[in-house]
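Worksheet for the structure shown next.
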Amino acid sequence: MKTVLIPEDIAEVGKAYLRERGYAIRMGRGTDKASLIADIADVDAVLFRNEAYDRDVLDAAKNVKVMARHGVGVDKVDLAYAQELGIWVTNGATSNSNSVAEMTIGFIIALGRNLLESNKAAHAADYGFRNRKAGMDLEGKTLALLGYGKIGKLVAHKAYYGLGMKVCAYDPLMDQLDKPDYVQKLEHFDDAFRIGDYVSAHYPASEQNNKTITIKQFGLMKTSAYFMNLARGELLVEADLLEALNCGLIAGAALDVMDDEPPKAYNPLLGLESLLLTPHNAALTSDAKIRMALFAAQGIDEVLTGKVPSWPVNKPPVSRAHMEAL
């Protein structure tokens, strides 16, 4: 019987999918490095969430043939080393795209209509707030997308058809992507910051992409504009966002992700009323959690039964699963 390690719990439907197909499940004792190394030594597969898999952890994974991401991003896995070791890495490429896109629209509305401050004022019976700070209509405003992948496309569709916004997007692969007429292609990364009333980041973390949003970009934005990041905290220099908000370079921001999660209690961003924060839960609707668990479990079963996975992140030239079958 093959064993699947699950370091952090998932929806029951994913575990049931694996058990019904004859797999044993080992719930991990933790997501820290020491626990992962201890738990991973003799399992055949890992269904992982946000924990990190560096060379040390992968070296301990002597029998692992497949690692399946509960979600999409795999930036915490040493993919090159997994490839070298013959380990398949899969994800649930479409499992949470709509959930994150819906949260993006929610951020746009919340920022533009001052929902957090309005809620606070109403609870304090402060109805004078309605005359002190007016929100903005969204129809006709410009949404600038950084990244036009699965999530970016859904955000564009919802913003254009649902809110009547103008939409533009920057993506280095834009010429290879299917783009509707209502999305304006931007030639340069910085153009999004110059043009957008809302600038929303939806591109992956990587060595090339990390720390690409800095005070330079915030300085290009309109003082009435808002910045949003629902991708990865590593993309942003947080100290520069703090400066931009404190100096009034931009009107406000919303983050679902941060560089250090959870942030330390002394992080100065936590005290800003102009910053809307959510705890990296844009993708964690009850519906998306079911899809993420199922798609990850499916990826494990596909590899361990000799099939090509539906959502591969890599493709080992010689896989451990294939060698075992021989």
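Please specify each residue of the stretch 185-197 satisfying the condition of being of a type outside the set (A, V, I, L, M) and open to solvent by 40 Å² or more (accessible area, probe 1.4 Å). Show your work before the answer.
As a first pass, look at the stretch 185-197 and keep what is of a type outside the set (A, V, I, L, M): 185, 187-191, 193-194, 196-197.
The answer is Lys185, Glu187, His188, Phe189, Arg194.
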| query | Before we move on, is Ala231 touching a residue at least 60 places away in the same chain (Cβ under 8 Å) and either outside any strand (DSSP E or B) or out of contact with any Ser or Thr (no Cβ under 8 Å at 6 or more places or on another chain) (or both)? | reply | yes
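Just for the stretch 296-326: of the residues that are in a loop (DSSP other than H, G, I, E, B) and hydrophobic (A, V, I, L, M, F, W, C), which one is modelled with the lowest pLDDT?
Taking the stretch 296-326 first, the residues in a loop (DSSP other than H, G, I, E, B) are 305-311, 313-319, 326.
Narrowing further to those that are hydrophobic (A, V, I, L, M, F, W, C): 308, 311, 313, 318, 326.
Values: Val308: 93, Trp311: 95, Val313: 96, Val318: 85, Leu326: 52.
Ranking the qualifying residues of the stretch 296-326, first place goes to Leu326.
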The one condition Gly248 fails out of (1) under 19 Å from the mean Cα position of the chain (by Cα); (2) part of a loop (DSSP other than H, G, I, E, B); (3) within 19 Å of Tyr198 (Cβ to Cβ) is (1)
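Taking the stretch 113-142, which residues are assigned to a helix (DSSP H, G or I) and farther than 20 Å from Gly164 by Cβ?
Filtering the stretch 113-142 for residues assigned to a helix (DSSP H, G or I) gives 115-123, 129-132.
Of everything in the stretch 113-142, those that are assigned to a helix (DSSP H, G or I) and farther than 20 Å from Gly164 by Cβ turn out to be Leu116, Glu117, Ser118, Asn119, Lys120, Ala121, Ala122, His123, Phe129, Arg130, Asn131, Arg132.
Would you be able to say whether some residue in the stretch 134-141 is surrounded by 19 or more Cβ atoms within 10 Å (Cβ to Cβ), under 18 Å from the mean Cα position of the chain (by Cα) and at pLDDT 95 or above?
Within the stretch 134-141, the subset surrounded by 19 or more Cβ atoms within 10 Å (Cβ to Cβ) is 138, 141.
Narrowing further to those that are under 18 Å from the mean Cα position of the chain (by Cα): none.
Checking the stretch 134-141: not a single residue is surrounded by 19 or more Cβ atoms within 10 Å (Cβ to Cβ), under 18 Å from the mean Cα position of the chain (by Cα) and at pLDDT 95 or above.
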Of the residues in the stretch 1-34, those that are within 15 Å of Phe295 (Cβ to Cβ) and in contact with a strand residue (DSSP E or B) (Cβ under 8 Å, 6 or more places away or on another chain) come to Val4, Ile6, Ile10, Gly14, Lys15, Leu18
Out of (1) more than 22 Å from the chain's Cα centre (by Cα); (2) within 25 Å of His70 (Cα to Cα), the one Lys289 does not meet is (1)
Condition set modelled with pLDDT of 95 or more and in contact with a helix residue (DSSP H, G or I) (Cβ under 6 Å, 6 or more places away or on another chain), scope the stretch 277-295, selection surrounded by the most Cβ atoms within 10 Å (Cβ to Cβ): answer is Ala293
Filtering the stretch 142-187 down to residues that are in contact with a Phe, Trp or Tyr (Cβ under 7 Å, 6 or more places away or on another chain) and over 25 Å from Ala283 (Cα atoms) yields Tyr182, Leu186
For the stretch 126-143, pairs from a residue that is closer than 28 Å to Arg194 by Cα to a residue that is open to solvent by less than 80 Å² (accessible area, probe 1.4 Å) and β-branched (Val, Ile, Thr), with Cβ under 8 Å and 6 or more apart or across chains, are Leu138/Ile108; Leu138/Ile109; Thr142/Val167; Thr142/Ile195; Leu143/Ile108; Leu143/Val155; Leu143/Val167
Exactly one of Lys120, Lys133, Lys166 is under 28 Å from Leu235 (Cα atoms), in the same structural domain as Ala251 (by the TED database) and of a type in the set (Lys, Arg), and that one is Lys166
Selection over the stretch 158-179 where residues are closer than 14 Å to Glu139 by Cα and either open to solvent by less than 50 Å² (accessible area, probe 1.4 Å) or part of a helix (DSSP H, G or I) (or both) yields a count of 9
Checking Tyr53, Tyr127 in turn, the sole residue that is among the aromatic types (Phe, Trp, Tyr) and surrounded by fewer than 19 Cβ atoms within 10 Å (Cβ to Cβ) turns out to be Tyr127
Flagged pairs (Cβ under 9 angstrom, 6 or more apart or on separate chains; first in the stretch 159-172, closer than 14 Å to Gly196 by Cβ; second open to solvent by less than 10 Å² (accessible area, probe 1.4 Å) and aromatic (Phe, Trp, Tyr)) are Ala159/Tyr198; Met165/Tyr198; Ala169/Tyr148; Tyr170/Tyr148
Verdict on Tyr182 being assigned by the TED database to the domain that holds Met228, more than 27 Å from Leu249 (Cβ to Cβ) and open to solvent by 20 Å² or more (accessible area, probe 1.4 Å)
yes
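The values are calculated or read from the model by the stated rules, or taken from the named source; none is laboratory data. Note that this is a predicted model, so its numbers are computed, not measured. Please note: Cβ atoms are built from the backbone with ideal geometry, for glycine as well, and neighbour counts cover all protein chains shown. The protein model used for the area step is the full one, side chains on, heavy atoms only, and it has no ligands, DNA or RNA in it. Shrake-Rupley method; radii C 1.70, N 1.55, O 1.52, S 1.80 Å.
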